[in-house]
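> Sending over a structure as structure tokens; questions will come in a sec.
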Amino acid sequence: MGTVCRVAIDIEITCHEGQVAAILSDAPITAVFGGNRSGKTEVEKWWLLRRWIKRGGPGATFWWVGPDLEKAISYGAWSIAGPMGQGGGSWPDAVFTGPRKITTATKAPTLYLIDGSVLAFMHAHHSGGRAGDNLKSANVRDAVVDELTAVTSAENWTQVLARVSQSGGAVCTASTRKRGHWSRREIDELVSTAGEDAIRVYALDIFDNPWMAYAAVWKLFLTDNTLSRRTLEVEVLADPDPPARARAVVTKPRSLQEHFGHEFADTSRLWSEWDGSAIVTGDEHLWVSRNGAPVRLLDITAGVLRKRLDTARGVRKSRAKPGAPPIGRRKTIDEHNFIETWADRKARKAKEKAAT
Ligand SMILES: Nc1ncnc2c1ncn2[C@@H]1O[C@H](COP(=O)(O)OP(=O)(O)OP(=O)(O)O)[C@@H](O)[C@H]1O
Ligand SMILES: [Mg+2]
């Protein structure tokens with residue numbers, strides 16, 4: 001007859017106010033978008049611990065998915081279970097059992113939990129034809145996908161959702177925003193149709209995190225020119241509520257993205273946003289007149305086509321002939337948007353020169 005062993009482990013979950021609802025979320029998809037150092041990854045760690053407590057058991061598999069395996073190990077495994085997975089991480093050491101030595105070279109990093117559950121660290125690095133391949137496996141109870149906007153292919157996300165679906169599982173993801181990333185389409189835009197019970201989106205900014213000292217935040221804001229020293233001293237620090245004032249006066253798009261988690265809305269908008277009212281100047285940029293003001297769009301057509309074409313033809317850097325121009329400059333788009341090889345372009349230019 002087997003012996004049943006019961007142990008009681010005290011687990012102290014710390015969190016800041018903005019993290020509570022996301023940690024406790026039981027929605028099929030929980031997404032935390034926010035600024036750098038706002039506490040996004042900590043939410044995922046505690047969310048997963050809670051899911052394990054509720055849904056773990058012999059053979060139950062949980063996933064921590066990173067944009068690459070190295071990140072899954074350092075921000076996931078080592079952060080949860082300490083350096084090399086050998087203790088001293090966020091989760092109490094007493095919840096782990098079995099062999100534990102996870103290095104950056106470990107091929108299939110895994111932690112074993114005392115109830116027989118398995119916590120595997122995976123990557124979502126593949127794109128193209130191999131996208132999501134390594135995530136096609138057996139059932140997974142619940143999963144975390146950290147740094148979602150660093151995941152290039154949406155297929156990885158779809159695979160994770162598919163893995164947890166059979167057991168009625170859930171996925172928690174956290175990330176900074178990235179302009180044009182598919183997460184906007186796959187998560188935010190689905191909230192209106194799927195409903196808030198299915199997808200919950202939370203926002204955090206750097207001031208929400210009390211573990212970030214204000215002094216450190218101001219220093220950061222000065223270093224990356226989020227605020228000028230004058231604005232900081234005269235406007236922000238003089239205000240009775242400096243964080244609120246900072247939220248109001250910061251306008252730099254990159255700072256809004258990096259620190260406050262707003263989507264990057266830079267002057268380099270993409271060609272796809274062109275509405276037809278175009279004045280083209282130069283060969284890389286497109287200037288359009290919008291409400292009487294010039295707006296610069298970045299023409300990505302050539303880059304996208306070149307990349308697609310190179311991939312389709314299997315063109316590799318290593319195959320470039322010695323002395324050939326760099327790969328990125330070997331093809332150009334002529335005025336009719338046809339692809340032109342470097343040799344054709346050279347011939348055309350020579351012809352044009354001869355004609356003048
Ligand atoms: N709930 C928490 N309990 C303890 N410490 C926390 C918590 N939330 C945030 N912190 C502290 O704030 C730091 C940043 O948190 P976290 O790594 O979760 O932020 P992030 O938004 O994921 O940052 P990054 O932009 O680097 O990915 C942590 O290293 C930790 O020191
Ligand atoms: Mg993080």
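A short reminder: the numbers here are calculations on the coordinates, not readings from a lab. Just so you know, these numbers come straight off a predicted model, no measurement behind them. Every residue, glycine as well, gets a Cβ built from its backbone with ideal geometry; the counts of neighbours run over all protein chains shown.
> How are the C-alpha pair distances of region 72-113 spread across 10 Å bins, as whole percents from the shortest bin up?
For region 72-113, the pair-distance distribution reads 35, 60, 5.
> Okay, next question. Name the residues whose placed amide hydrogens come within less than 5 Å of the amide hydrogen of Gly87, ignoring near sequence neighbours (fewer than 5 apart) on the same chain.
Gly82
> Counting Lys and Arg as +1 and Asp and Glu as -1, each charge on the Cβ, what is the dipole of region 17-208 about the Cα centre in debye, to the nearest 20?
It works out to roughly 420 debye.
> Show the residues, 5+ positions off or on another chain, whose built amide H is closer than 5 Å to the amide H of Met122.
Residues meeting the amide H criterion: Trp64, Val65, Gly66.
> Next up: List the residues, sorted by chain then number, that are 5 or more residues from Val32 or on another chain and whose placed amide H is less than 5 Å from its amide H.
Amide H neighbours of Val32: Thr173, Ala174, Ser175, Tyr202.
> Which of Phe207, Phe260 comes first, and how do the rest follow, when ranked by fewest Cβ neighbours within 10 Å?
Numbers: Phe207 19, Phe260 22.
The fewest-first ordering by Cβ neighbours comes to Phe207, Phe260.
> Residue by residue through region 25-35, which ³J(HN,Hα) values in whole Hz follow from phi under the Karplus form 6.51 cos²θ - 1.76 cosθ + 1.60 (θ = phi - 60°), with glycine and proline marked x?
Taking θ as phi minus 60°, the curve returns 5, 10, 5, x, 10, 10, 10, 10, 10, x, x Hz for region 25-35.
> Through the Karplus equation 6.51 cos²θ - 1.76 cosθ + 1.60, θ set to phi - 60°, convert the phi angles of region 250-261 into ³J(HN,Hα) values in whole Hz; use x for Gly and Pro.
Going residue by residue, I get 6, 10, 4, x, 5, 5, 4, 6, 5, 9, 10, x Hz, with x marking Gly and Pro.
> Using the Karplus curve 6.51 cos²θ - 1.76 cosθ + 1.60 with θ = phi - 60°, what ³J(HN,Hα) values do you get for each residue of region 94-109, in whole Hz, with x for Gly and Pro?
Here the 3J(HN,Hα) series is 5, 7, 9, 9, x, x, 9, 8, 10, 9, 5, 9, 5, 6, 10, x Hz.
> Moving on to the next point. Starting from the Kirkwood radius over alpha-carbon pairs of region 214-260, derive D by Stokes-Einstein at 37 °C in a medium of 0.692 mPa s and give it in µm² s⁻¹.
Roughly 314 µm²/s, to the nearest whole number.
> Among the GluC sites (Glu not before Pro) in region 1-79, which ones are in a DSSP loop with at most 11 other Cβ atoms within 10 Å of the Cβ? Mind listing them?
Glu12
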